[in-house]
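Each value in this text was obtained by applying a stated rule to the coordinates, not by laboratory testing. Just so it is clear, the model here is predicted, and its values are computed rather than measured. Every residue, glycine as well, gets a Cβ built from its backbone with ideal geometry; the counts of neighbours run over all protein chains shown.
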Amino acid sequence: MQKILVAVFLFLFQTSFGQTDLKKEMKIFSFKNAKYGKVEFCTFNSTVDKNKPLLIFIHGSGNEPTFSYAKDIKMYAWKGFTEVAKYKDKFHIIFVNKPGVPLFDTVQKDPVNFSTSYPISKEFTDNYSLEWRAETASLIIDKAIKLLPVNRSKIMVVGHSQGGQVAPKVAVLNKKVTHCVLLNSNSLNHLYDFVLQERLDAFKGEKTFEESQKNIDSLFANYKRIFDEPTSRTKYFDEETYYRWASFSDETPLENMLKLKIPIYVVAGGKDVYGSFIMNTDYVQIEFLRYGKTNLTYKVYPNANHFLQDEINENNKTKYIDLKPKIFADIVDWSSQ
C-alpha cells in the first residue's frame with residue numbers, strides 16, 4: 001500500500017516543484033543528541049532574522065529526504081505541500097528530518113511509474129518510531145526558539161498523514177506549542193484502517209464477505225505477532241518493522257488530542273481511503289463531543305483525497321482540484337482567532 005501511495009504522490013506533485021533550488025533558500029541547522037543521533041531542521045533564509053511565530057511542518061511516512069535533488073533540473077526540489085512556503089514571511093517555517101535521513105539528498109527516480117527509491121539505513125530501521133519523530137520535533141522547537149527570533153505567542157505544529165499522528169504527541173511533550181493541526185491523519189490506531197478497508201471492499205462487492213473475513217483474521221494474526229515482539233527491527237508488516245507499528249500504536253492521535261487544551265484543527269478528505277481512512281478519522285469528533293471539549297475544529301472536504309485535492313469525475317475522467325491554497329489560508333486565519 002505504501003508503494004502505491006508514494007507513486008501516486010509523486011505523480012500528483014511532480015509538477016509542483018518550484019524552479020528555485022530550495023537548498024539555496026534554506027538555512028540548515030543540525031545538532032547531536034545522545035539518544036537520537038543527528039537531528040536536522042531548516043527554515044527559509046528570506047526573513048530568518050525577523051521576529052515572527054513558528055510553524056513546524058511534519059511530513060508523512062517513508063524514508064526519503066524531505067528535499068530531493070532532481071537531476072533533470074539540477075536543483076533541490078520539495079515533494080511536499082509547496083503551499084506552506086507562501087507563509088514564510090509570516091512564520092519561521094521549520095522542516096525536520098527523519099532518523100538516518102538527511103533533509104537534502106538525491107533519490108533514484110523511475111521515469112516509468114514515477115516511483116523513487118532511497119537506501120534504508122540501519123539508523124533509520126533502528127530508530128524510526130513515534131517517539132523519535134515526536135521527541136526530536138519537540139527538541140527542534142526548543143532549539144529554534146534559542147537560535148531564531150521567535151514570537152512565542154504562536155507556535156504551531158502541523159502534520160500531514162503520519163505526520164498528523166506525530167503532531168499531537170509533539171504538543172503533549174512541548175508545552176510551548178499553542179496550536180496543533182492534523183491533515184489527513186487517522187484518529188484511532190492506523191492498523192484499524194486495514195480492517196476497515198477489508199469491510200468496505202466486501203460491502204462494495206469487490207470481495208465476498210467470506211474473503212474479507214479471512215483477510216481480517218490474517219490481519220489480526222499479524223497484529224498479534226507485532227505486539228508479541230514490539231521491539232523487533234528485523235520482522236516486517238506491510239513493509240514496516242514491527243517496532244515502527246508497535247511504536248505508533250503506543251498512543252493513538254485521539255488519546256493525545258484529548259490531553260490538549262490548546263486549539264486543534266483537523267482536516268480530513270471524504271475520499272481518503274488508503275492514506276488515512278476517513279471512517280477512522282471521523283471518530284475524533286464523537287469523543288470531543290462526548291467529553292464536552294470545545295477546542296477541536298473538524299473540517300471534512302467531501303471529495304478530497306489524501307493529498308488535499310478534490311477528485312471530481314467528469315466524462316469518465318478524474319479531475320483534480322487543488323484545495324491546499326484554501327486549506328492553508330483557513331489554518332492561518334484560524335490560528336489568529
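Where both partners of a DSSP beta bridge lie in the chain, what percent of those bridges are antiparallel, to the nearest 5?
On the way: 26 of 54 bridges.
Around 50 percent antiparallel, to the nearest 5.
With label points built 7 Å along Cα→Cβ from the Cα atoms of residue 291 and residue 108, find their separation and express it in nm.
4.6
Starting at the first residue of segment 259-270, write each ³J(HN,Hα) from the Karplus equation 6.51 cos²θ - 1.76 cosθ + 1.60 with θ = phi - 60°, in whole Hz, x for Gly and Pro.
7, 8, 9, 6, x, 10, 10, 10, 10, 9, x, x
Which far-off residues, 5 or more places away or on another chain, put their amide H under 5 Å from the one on residue 58, with H placed in the peptide plane?
Amide H neighbours of residue 58, under 5 Å, 5+ apart: 158, 159, 160.
Check residue 93: other-chain or 5+ apart residues with amide H under 5 Å from its amide H, H built from backbone geometry?
Placed amide hydrogens put 44, 55 under 5 Å from residue 93.
What FRET efficiency do you get for residue 300 and residue 228 if R0 is 25 Å and r is their Cβ-Cβ distance, rounded to the nearest 0.05? Don't skip to the answer; put the middle values down first.
On the way: r = 36 Å, r/R0 = 1.46.
Once rounded, the FRET efficiency stands at 0.10.
Compute the orientation-averaged projected area for the chain from the convex hull of its Cα atoms and round it to one decimal in nm².
Computed as one quarter of the Cα hull surface, the answer is 17.8 nm².
Using label points projected 7 Å from each Cα along Cα→Cβ, tell me how many nm separate residue 90 and residue 321, to one decimal.
In this crude label model, residue 90 to residue 321 measures out at 2.2 nm.
Rounded to the nearest 0.05, what FRET efficiency do residue 273 and residue 236 have when you use their Cβ-Cβ distance and R0 = 35 Å?
Numbers: r = 23 Å, r/R0 = 0.65.
Once the sixth-power term is evaluated, E becomes 0.95.
For the pairs 98/154; 98/317; 86/175, note any where the Cα-Cα span goes beyond 32 Å. Provide the component values of the computation, followed by the final result.
Working: 98/154 25 Å; 98/317 37 Å; 86/175 27 Å.
Over 32 Å Cα-Cα: 98/317.
List the aspartates and glutamates whose alpha-carbon lies under 13 Å from that of residue 169, not counting same-chain residues fewer than 8 positions away?
131, 135, 250, 251, 255
Any idea what % of Cα-Cα pairs in segment 191-247 are farther than 19 Å?
Working: 555 of 1596 pairs.
Taking all Cα-Cα pairs of segment 191-247, the fraction more than 19 Å apart is 35 percent.
Name the lysines eligible as straight-distance cross-link partners of residue 319: C-alpha to C-alpha under 24 Å, and not fewer than 8 places from it in the same chain.
3, 79, 204, 271, 299
For segment 197-337, treating each Cα as an identical point scatterer without solvent, what Debye log10 I(q)/I(0) comes out at q = 0.17, 0.18, 0.19 1/Å?
Here log10 of I(q) over I(0) equals -1.18, -1.22, -1.24.
Just from its helices, what would the mean residue ellipticity at 222 nm be for the chain, if runs of 4 or more DSSP H residues each count -39500 (n - 2.57) and the sum is divided by every residue, rounded to the nearest 500 deg cm²/dmol?
Working: 12 runs with 122 residues, N = 337.
Computed ellipticity for the chain at 222 nm equals -10500 deg cm²/dmol.
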